[in-house]
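Some notes on the structure that comes next.
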Amino acid sequence: MKIHDTSLEFESLPSLMVLLDSVAFMWFIALVTLSVFSWVALKLWHLHSLPKYMAKEKGMHQAKLIFWLCMLGLIWKPLWVIAVIAIVTDWDKAQLWFKGTRS
């Protein structure tokens, strides 16, 4: 039983195929992809640099330590987590606790 002919010829492709097969469209797709990846990388960099900006804003003495933890956190992520923890730690209370003079 044969319902219809199944041969697909080149002329029966959609008219949009000419645009999709053009070099200009491929350049457009490449530029859009590159710009999206660049935007995502920039946003991740801003998120990654957040602890060092917060340390500068708070005027913390550990700002250089937090800066280096953020930079080395690009290679090993637990260092970035340590930098975030260092931001939220109350260092005056921690020093008192380390010295054993709890108030």
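Throughout, read-outs are computed from the coordinates displayed, never taken from laboratory work. All of these numbers come straight from a predicted model, not from anything done at the bench. Cβ atoms come from the backbone with ideal geometry, glycine included; neighbour counts cover every protein chain shown.
With each label point set 7 Å from Cα along the Cα-Cβ vector, what nm distance links TRP97 and ILE75?
3.0 nm
Name the lysines eligible as straight-distance cross-link partners of LYS77: C-alpha to C-alpha under 28 Å, and not fewer than 8 places from it in the same chain.
LYS43, LYS52, LYS56, LYS58, LYS64, LYS93
Provide Rg and Dmax in Å for the stretch 44-103, with only Cα atoms included in the calculation.
For the stretch 44-103, the Cα radius of gyration and maximum Cα-Cα distance read 12.6, 41 Å.
Rounded to whole Hz and in sequence order, give me ³J(HN,Hα) for the stretch 70-85 from the Karplus expression 6.51 cos²θ - 1.76 cosθ + 1.60, θ = phi - 60°, writing x for Gly and Pro.
For the stretch 70-85, the Karplus-derived couplings read 5, 5, 6, x, 5, 8, 10, 4, x, 5, 5, 5, 4, 5, 5, 5 Hz, x marking Gly and Pro.
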